Amino acid sequence: MNNRKFHSNERRSFTKTSAAHQGNRRNRFNQSRKRRFAGKSIDITKFVNKITAPIAEEKFQSKILFADFPLDQRLKINISKQGFKSPTEIQEKTIPLILKGQDLIGLANTGTGKTGAFLIPMIEKILQNPREKLLIIAPTRELALQIQEEFRKFCANLKINSVVLVGGANIRPQINLLHSPHNVIIGTPGRLKDLVNRKKLFLQNVTNVVLDEADQMLDMGFVPDIRFLLSLTKSEKQTLLFSATLAPEIEKLSNEFLKNPVKVSIKTRDTSECVDQDVIRIQRHEDKIEVLGNLLSENSFQKVLVFSRTKHGAEKLSKALFHKGFKSESIHGNKSQAKRQKALQLFKEDFIQILVATDVAARGLDIPNVSHVINFDVPATFEDYVHRIGRTGRAGKIGSALTFIESR
Ligand code: ADP
Ligand code: MG
């Protein structure tokens, strides 16, 4: 496998140009968003980032314990039941500010605990004042459901209820849920808007808003929807915005939704330091699926998330791998929500080795112990790359990311 990889000398010769590319990032970002598939313009060196230092020693270790935070005792018990002793860096820096009522932009690498950073102080606020209402908006249905799952763990026995409102699922049960008492609404922009238009969802009591994976939502043409939804909420409210990436133009846009926000950025580099990154060169005569199959047969490729550019491609690839004898499933926008959820569950619970996905699975999903992320197709933008490979190397664990580069 090693001889396929980028030769380190070759890599060195590329790094010089890297800084210039960084400077042009904003430009490139704009351009690449306009073209549907501009991934080939991403500097290949950006896909190579070997883990060198023993990162375990460098890892942030908070001196504080959750027990030291000014939080309700019952909430502290639930946090500790999740196995969280100390806050991660983003949690340590943001939780006190959020508890003070500050609007905030939280930037930290993938897999560093951003969900807890907003859920914990928000739950504390609700415990202090049951009239607080929280609206969490996320770009994908799977992420919305995952946030609710984590929320429920933090809220065990606290009698704080949540409702998830996402597309692809029957709207009736969601409307019924809205009739029962709840402090928290978690949803995707399209379904939230739909329910507002049907006069089933009223947001005038919302006192707190969280935009998770904010840049994706602001970038994907959801700005009018988000503007609309937030215009219905209380003008006196606290708004939080979290992401692992935030291009400058998106950050500017986000200021429209926040009041004098503080920005807390933990990022020292673009990608998670826990992900070993390399490329696999595919020669002209080689069959990509064959190469992938050979890799997947190696022992270390225990739990692999493979990204494909298109829905059709993801389906085709998953079937091809299945025919080769691999336990593989796919997740993409052409599948029913039930099937998407089922595939994700099978992968999460280790019933299958491989999940082939489009970028619908690139954002926010916390799947335990993904050993490898493979970009079978180059991502459209560098931000997409960061999020894709962020599905591995989470919560301090080490992961690998490989990007297929086709010789022309
Ligand atoms: P992000 O949103 O930054 O990508 P997540 O909120 O999904 O990251 O968290 C990544 C993983 O880290 C999750 O499995 C979560 O349970 C775990 N985690 C979060 N905070 C802590 C903590 N303080 N201690 C231990 N594990 C944590
Ligand atoms: Mg997240």
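In the range 115-133, the qualifying residues are those that are assigned to a loop (DSSP other than H, G, I, E, B) and of a type outside the set (Asp, Glu), and the one that is surrounded by the most Cβ atoms within 10 Å (Cβ to Cβ) is LYS133.
Against the test of being away from ligand 1 (no atom under 16 Å from the Cβ), surrounded by fewer than 23 Cβ atoms within 10 Å (Cβ to Cβ), more than 28 Å from VAL164 (Cα to Cα) and modelled with pLDDT of 95 or more, the options LYS342, LYS316 yield a single qualifying residue, LYS316.
In the range 358-384, what residues are among the small types (Gly, Ala, Ser) and out of contact with any helix residue (DSSP H, G or I) (no Cβ under 9 Å at 6 or more places or on another chain)?
Matches in the range 358-384: SER371 only.
Picking from ILE160, ILE105, which residue would you name as being in contact with an Asp or Glu (Cβ under 8 Å, 6 or more places away or on another chain) and assigned by TED's automatic domain parsing to the domain that holds SER254?
Just a single option satisfies the conditions, and that option is ILE105.
Filtering the range 77-114 to residues that are within 15 Å of ligand 2 (Cβ to nearest atom), in a helix (DSSP H, G or I) and buried (at least 22 other Cβ atoms within 10 Å of the Cβ) leaves ILE90, GLN91, THR94, LYS114. Looking across the range 115-127 at every residue that is away from ligand 2 (no atom under 16 Å from the Cβ) and either touching a strand residue (DSSP E or B) at 6+ places or on another chain (Cβ under 9 Å) or hydrophobic (A, V, I, L, M, F, W, C) (or both), the one that is nearest to CYS155 (Cα to Cα) is identified as ILE123.
In the range 371-393, the residue that is nearest to the chain's Cα centre (by Cα) out of those that are surrounded by fewer than 23 Cβ atoms within 10 Å (Cβ to Cβ) and closer than 22 Å to ASN299 by Cα is SER371. Looking at the structure I just gave you, is LYS267 modelled with pLDDT under 95 and exposed (fewer than 14 other Cβ atoms within 10 Å of the Cβ)? No; evaluated as a whole, the condition is false for this residue. Exactly one residue out of PRO96, PRO54, PRO87 is modelled with pLDDT of 95 or more and either within 13 Å of ligand 1 (Cβ to nearest atom) or within 30 Å of ASP384 (Cα to Cα) (or both): that is PRO87. Close Cβ contacts (under 9 Å, 6 or more residues apart or on different chains) running from residues in the range 254-268 that are more than 17 Å from VAL223 (Cα to Cα) to residues that are basic (Lys, Arg) and not in a loop (DSSP other than H, G, I, E, B) comprise VAL264/LYS93; ILE266/LYS93.
The values are calculated or read from the model by the stated rules, or taken from the named source; none is laboratory data. Nothing here was measured: the structure is a model prediction, and the numbers come from that model. Reconstructed Cβ throughout: ideal geometry from the backbone, glycine too, with neighbour counts over all protein chains shown.
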